[in-house]
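> The structure follows.
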Amino acid sequence: MISNKEIKRTFKILLDSDRTNSYTGNQFNANYFIDLKQIITDDNAFDKSYNMYCTFRSIAKPINDNGITSNNVYSLHIDMGRGINVYQYNHSKNVSFLVPVSVSNEIATPQTYFNLTDDLALPVFLQNIRNMNFITLNLINNSNNTTFTGSGVDANLRYVCMLTFIEA
């Protein structure tokens with residue numbers, strides 16, 4: 001039998017770039033506004049610590065259509081106004097997760113896409129989630145230290161980012 005002490009609170013937040021009314025700014029430098037009171041009813045839960053895991057997946061397209069190349073390193077900056085425990089020498093936005101590029105050869109023209117799964121990276125520790133009402137998502141091309149914007153035919157590359165919070 002599992003006791004109440006062994007059960008940890010878990011919840012998810014979905015950030016979907018296809019829902020353009022859910023964020024402001026550019027899709028790869030987006031501010032998503034959230035209301036955690038819609039999913040958390042216990043006020044004490046906001047003062048607890050959480051580990052945040054991330055899955056980030058974009059649609060697959062030929063490199064000329066989306067600008068995603070495996071020659072670059074991409075990182076994902078997730079900011080909730082909490083600060084994270086990462087030291088980084090000269091970047092204004094700390095890296096939360098490194099985002100792998102996958103290549104699909106299922107059709108004649110190879111297709112690339114972002115493919116971070118929550119089992120590929122250690123979680124980010126959050127001291128608490130009190131007054132957390134926005135999430136800023138910023139995808140950075142570390143090769144030139146700029147926000148990824150997509151390129152080519154389809155600069156409007158879609159992604160889904162699933163954040164999973166597990167009570168620490």
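> Select one label from (1) 197; (2) 136; (3) 108: the one whose number is volume of the Cα convex hull per residue in Å³ as derived from the coordinates shown.
From the options (1) 197; (2) 136; (3) 108, the structure gives (2).
> OK, next. If the reach is capped at under 19 angstrom between alpha carbons, list the aspartates and glutamates near LYS61, excluding any in the same chain fewer than eight residues apart.
By straight Cα distance, LYS61 reaches ASP16, ASP18, GLU106, ASP154.
> Separate question: Could you work out which residue, out of ASN66, ASN131, ASN141, moves most in a Gaussian network model of the chain, that is, has the largest mean-square fluctuation with Cα springs under 10 Å?
ASN131
Computed from the coordinates by the stated procedures, all read-outs in this text should not be read as laboratory data. These numbers were taken from a predicted model, which means no experiment stands behind them.
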